[in-house]
Amino acid sequence: MQKKVFSRPEGLLDVTTHYCAGCTHGTAHRLVAEALDHFGVRERAVGVAPAGCSVMMYKYFNCDTIEAAHGRALAVGTGIKRARPDLFVFTYQGDGDLASIGLCETMHAANRGESISVIYVNNAVYGMTGGQMAPTTLLCQRTTTTPAGRTVANEGFPLKMAELMANLEGVTYCERAAMYDVKQVRRARKAIFHAFEIQIQHNGFGFVELLSACPTNLKMPPAKAQKWVADEMVKTFPLGVFKDLPPGPSPAPSSAPAALAEEGTAHAV
């Protein structure tokens, strides 16, 4: 009987990462690498890394990667997939990147149903640039730009990307998972695998949001930061599958365009 050995996935290089102690980017990287290995797509995979904590992922993943300007990962990913539809394309983005400066690119790529897998790490803060408020910062959460805590009156509500993505017709699969304990990591792994499968088998747009701790900017020890994700972040960002369409063609558009297309129904004014 062959023994199973826990080892580094082939999809990850044998290097030391730059991430802070207690950060779960490393966990997310391993899950992505395991999915690349499992589906055998590493040799034709292209990862897109924008600005943010994941900016140096090209040093960590054993596959082709490309840098995109801040917020433009899905625009770059779209170009790659349109030019080379045979490639497997995934983006790895943070909340400040995907949900703020890149919100336009995110929404439109998803709405078009691009065949891309999106791994979105939400740690509720701008982690790399000094701990400023992000679109996902919780109400009352203190950051360097909200020292008294985020308020509805001044900064509005946290942006819930999984819920927004699920409402776009081009999205095939959308789930929010977390990485604060072993059970949740296993669920996150399953979600990433399914998102990859959606692209490989059905040419669909898959979106996985991962709740992550940022101990440095939370100013907490790692264990306490993970507990904060479980106790506080999940209240604002509930875990679960928000959309999972069965295999098949994209959902039919609304009836209005079809009606206008019928002979005699469209008239110049």
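Structure summary
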item	result
The chain, relative contact order in percent, only Cα pairs under 8 angstrom and at least six apart counted	17
Alpha-carbon radius of gyration plus Dmax, which is the widest Cα pair, for region 1-70 in Å	13.0, 49
Residue-wise HN-Hα coupling along region 224-231, computed from phi with Karplus coefficients 6.51, -1.76, 1.60 (Hz; x: Gly, Pro)	5, 5, 5, 5, 5, 4, 5, 8
Mean Cβ neighbour count within 10 Å, used as a protection proxy, ranking 177-187, 44-54, 8-18, 100-110 highest first	44-54, 100-110, 177-187, 8-18
Stokes-Einstein D (µm²/s) once Rh is taken as the Kirkwood radius of the chain over alpha-carbon pairs, at 4 °C in 1.567 mPa s	67
Count, lysine Cα pairs under 18 Å in the chain, 8 or more residues apart or across chains	9
Amide hydrogen neighbours beyond the local backbone of Ala213, cut-off 5 Å, H modeled	Thr24
Full-extension gain in nm, His38 to His108, via 0.36 nm per residue minus C-alpha separation	22.2 nm
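Bear in mind these aren't lab numbers, they're just calculated from the coordinates by the rules spelled out. On a predicted model such as this, the values are computed, not experimentally measured, just so you know. Here Cβ is always computed from backbone atoms with ideal geometry, including for glycine, and neighbour counts include all displayed protein chains.
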